[in-house]
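This report refers to the structure that appears directly beneath it.
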Amino acid sequence: MKIASSSPILTVVSSSGSLDPKISGSSLGSRILPSTQRSSPSDNLLLRRTMSSNYLRHVESMSQLPSGAGKISQLNAVVLGESLASEENDLIFPSKEFSGQALVSSPQQYMEMHKRSVEDPAGFWSDIASEFYWKQKWGDQVFSENLDVRKGPIRIEWFKRGITNICYNCLDKNVEAGLGDKIAMYWEGNEIGVDASLTYSELLQQVCQLANYLKDIGVKKGDAVVIYLPMLMELPIAMLACARIGAVHSVVFAGFSADSLAQRIVDCKPKVILTCNAVKRGPKTINLKAIVDAALDQSSKDGVSVDVCLTYENSSATTRENTKWQNGRDVWWQDVIPKYPTSCEVEWVDAEDPLFLLYTSGSTGKPKGVLHTTGGYMIYTATTFEYAFDYKPTDVYWCTADCGWITGHSYVTYGPMLNGATVVVFEGAPNYPDSGRCWDIVDKYKISIFYTAPTLVRSLMRDDDKFVTRYSRKSLRVLGSVGEPINPSAWRWFFNVVGDSRCPISDTWWQTETGGFMITPLPGAWPQKPGSATFPFFGVQPVIVDEKGNEIEGECSGYLCVKGSWPGAFRTLFGDHERYETTYFKPFAGYYFSGDGCSRDKDGYYWLTGRVDDVINVSGHRIGTAEVESALVLHPQCAEAAVVGIDHEVCGLTMHKLLGYEAHLILYSRDKDGYYWLTGRVDDVINVSGHRIGTAEVESALVLHPQCAEAAVVGIDHEVKGQGIYAFVTLLEGVPYSEELRKSLVLMVRNQIGAFAAPDRIHWAPGLPKTRSGKIMRRILRKIASRQLEELGDISTLADPSVVDQLIALADV
Ligand code: 6R9
């Protein structure tokens, strides 16, 4: 039911229906009343007093009660359990029942906890950390940090000299607490009816067997292990086995190509790679072992040879006979692992010893090896998981992410297992055999927490709702979203259709670099605004800064930074601490720079407005892109620069660079109400189905094609993927255009990076729009790609303006 609201003012009332000015825990059953039952000004005053505090000025405005963000001028309120309005003017309160049982059940409780977490981080986090197993407690300092490049090298340490093991805390600790017979993992195969499960005791035994094998072949504490596996139970098992022996895992998403895999192997030089022969995803069989073989050939040419390739036989996908084999190097998993003992001593490590490496795209062609350490990451993933999903021991949790991405690290494996949760791992494709598969799985395992990505929501909502409604979904309690901004229509469909208007949605904003959630709803505490990630998690102090790095208060737009460290923060980029500092800490001295633009509304809600980039130097948004490009190339260290513009009602565009070769863009805005809204990345890093892909990476892949002279890649809006990849390609002189050539260019990118980075469109470009100094004007390419031909802007600074007409003429060729 939609509750009409002529005024934006909403009222919080107690369960008895009387106004409760205290907003105490018991009033949390926050219900919104029809306009006849509005609060009086004096109630608001009381509310303001309760909520006001210095530490979180932006939430003070909640005293006025939510009145909407950005272009949302009026809000309509609903209580969970009622269906959501179809307009963008929604404010969704948790139901009384939900809040009543929630870990954090009111804004006030959240504010008290958040206040303590930022005023006394050492006390707040050490209290939580004490609930985990430490062989030896950390030293005198709970944390120590320098986030200011002007004061010396960037350094973040949490729980240093504390000795622990994350695998022990995920498994042994739970078994010892009596959860040995609880299901740790349900595994659902690609084909219906193919499934398996492991209890915590069984999982521990399997992890120990693999850990013993790894030790036996000489893997030691600190050694890197590359894991290239699909979503079999062996993938989390492999991660946990590495953690058990102190080895550093580097999981490479099994959709990456041989070249990308080789690049990552060469970077960390593992002794062993763990893989499987093949996997089925939907109707397709993917021969992973062939990709690994090619990667290992490539890496040995580059001077890094891997001794052992432990290969799991995935008999549902292919046979041993059909798997190419290199004797001496390749070993069948099933031939060796079961022979090892089912218990294995834990390698106790320092909290600051590395746990894993995970590569993520930057704005250059070289991916960044994000390094996370053990203790802080452990405490942070466990705590964020518990609170953001309001986790209960009876929950059955399914995160659709692959362990090849950070979400699968923090919220398939570590976060849930540290809580002793039951996790569902799904091998297949969400639309196979049809679009109802997810809900079939939800009913089959009685899933109560379902965490996914907007791209999946959008792709499923294109089909008939009956694919959803033919399943009960009664078990669902909390929904979650990650990877990119969730557009309000997808949010609404997810909420109304999938969650039957009953389940809050935790729209979690975070990054590979942050290790865990940074801005996220706590589903029992705050009313939600569809599209806003709401408020910072405990211990997180987001700040929005202007182009000069000044913090902006209240309702505003700008660059999203974080003040102070949090336990889950990454500690360096593997082998390149300088790039770590340059990319994340130099753009705005004193802060971690997220690379995202952000708005905050007057109620304190954060709205992420788009990806900006690894930024360095700032110029104002009124400066033309061509001007900025010309200015940039005057810098003695600048080889090339490209500037693009993005239209946005409230935002400007600025260009940052210097200190090195990475030149970047920032899109910024902030609305009047203060909620955080993430609307996607804008620049040289695009977000395709929630995966970060550098345009430079795709361009490098394209130009490897023997007939490609030059390529320029931009992101375009894509109905399902969020952003699609649009490539302008200049061929060698005299090479005719053909569909075949188009396919082979796409194939080149598939082979170089992976299928997920395949361009959606190849646009033939006899020439590219360049400035006289040779800089590609991506702003124009973007407009052509999105067919906004009336908005090409000033093209007079181009070396040859006629290329624009040529490109337009070829738009549909
Ligand atoms: C966890 C993950 C990080 C980038 C991030 C931002 C975008 C992630 C989001 C979101 C809006 C959300 N992003 N979650 N944007 N709302 N809830 O995705 O990590 O692959 O490193 O990507 O994704 O642009 O900066 P990662």
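The values are calculated or read from the model by the stated rules, or taken from the named source; none is laboratory data. All of these numbers come straight from a predicted model, not from anything done at the bench. Cβ coordinates were reconstructed from backbone atoms using ideal geometry, including for glycine residues, and neighbour counts include every protein chain displayed. Note: areas computed on protein heavy atoms with side chains; ligands, DNA, RNA excluded. Shrake-Rupley method; radii C 1.70, N 1.55, O 1.52, S 1.80 Å.
Worth pointing out:
- Nonpolar atom fraction for the stretch 721-813, defined as the carbon and sulfur part of the 1.4 Å probe accessible area, stands at 54 percent.
- The stretch 411-502, accessible area per residue, ligands and nucleic acids excluded (1.4 Å, Å²): 28 Å²
- FRET efficiency for Lys366 and Lys115, using Cβ-Cβ distance with R0 set to 51 Å, rounded to 0.05: 0.80
- In a reduced charge model with +1 at each Lys and Arg Cβ and -1 at each Asp and Glu Cβ, the stretch 400-452 shows a dipole moment near 140 debye about its Cα centre.
- Estimated distance in nm for a label pair at Asp576 and Gln788, the labels positioned 7 Å out from Cα along Cα-to-Cβ: 3.1 nm
- Distance in nm between pseudo-label sites at Gln511 and Ala755 (7 Å out along the Cβ direction from Cα): 3.0 nm
- Ranked by how many other beta carbons lie within 10 Å on average, peptides 781-791, 497-507 from highest: 497-507, 781-791
- q = 0.15, 0.22 Å⁻¹, the stretch 189-237: log10 I(q)/I(0) [Debye, one scatterer per Cα]: -0.53, -0.93
- Once the Cβ-Cβ distance of Ser489 and Arg161 is raised to the sixth power relative to R0 = 60 Å, the FRET efficiency obtained is 0.75.
- Farthest toward positive dipole pole in the stretch 327-414 [+1 Lys/Arg, -1 Asp/Glu at C-beta], among Ile379, Cys399, Tyr340: Cys399
- Near Asp140, once Lys and Arg are set to +1 and Asp and Glu to -1 for all other residues with Cβ below 13 Å from its Cβ, the sum equals +2.
- As a length-normalised measure over Cα pairs under 8 Å and 6 or more apart, the relative contact order of the stretch 114-217 settles at 17 percent.
- Computed extension length for Ser475-Lys446: 9.9 nm, one decimal, from 0.36 nm per residue of separation with the Cα-Cα distance subtracted.
- Between the amide H of Cys276 and those of Tyr312, distances stay under 5 Å, these residues lying 5 or more places away or on another chain, with hydrogens modeled in the peptide plane.
- Segment Val813-Gln101, extension gain: residue separation times 0.36 nm, minus the distance between their alpha carbons: 250.4 nm
- 27 Å Cα-Cα reach of Lys602 towards lysines, excluding residues that sit fewer than 8 places from it in its own chain: Lys2, Lys22, Lys71, Lys96, Lys115, Lys529, Lys548, Lys563, Lys672
- Shape analysis of the stretch 93-209 based on the Cα gyration tensor places the equivalent ellipsoid semi-axes at 34, 25, 16 Å, largest first.
- Simple point charges give the picture: +1 on the Cβ of Lys and Arg, -1 on the Cβ of Asp and Glu, and for the stretch 477-587 a dipole about the Cα centre of about 400 debye.
- Within the stretch 196-237, backbone nitrogen closer than 16 Å to the virtual label 7 Å beyond the Cα of Asp181 toward Cβ: 198-203
- Positive-end residue, the stretch 485-596 charge dipole about Cα centroid, Cβ charges, pick of Phe588, Gly515, Gln528: Gln528
- For the stretch 357-453: rounded, prolate or oblate by the Cα gyration tensor [a/c cutoff 1.5]: oblate
- Gain on full stretching of the segment that runs from Ser343 to Lys563 - 0.36 nm per residue minus C-alpha separation: 74.9 nm
- Simple rule: put +1 on each Lys or Arg Cβ and -1 on each Asp or Glu Cβ in the stretch 201-352, find the dipole, and look at Ala290, Leu203, Ser250; the Cα lying farthest toward the positive end is Ala290.
- Scattering curve values for the stretch 97-136, log₁₀ I(q)/I(0), Debye with Cα scatterers, q = 0.28 Å⁻¹: -0.90
- Take the Cβ atoms of Asp216 and Val194, set R0 to 22 Å, and the FRET efficiency comes out at 0.10.
- Note on the stretch 751-795: Rg/Rh from C-alpha atoms, Kirkwood Rh, equals 1.06.
- Flagged links, alpha-carbon separation over 31 Å, of Lys215/Lys368; Lys366/Lys392; Lys271/Lys324; Lys215/Lys721; Lys182/Lys269: Lys366/Lys392; Lys215/Lys721; Lys182/Lys269
- Net charge in the neighbourhood of Val349 (other residues with Cβ under 11 Å of its Cβ; Lys, Arg +1, Asp, Glu -1) is -1.
- Dipole magnitude of the stretch 516-573 about its Cα centre (Cβ charges: Lys, Arg +1; Asp, Glu -1), debye to nearest 20: 280 debye
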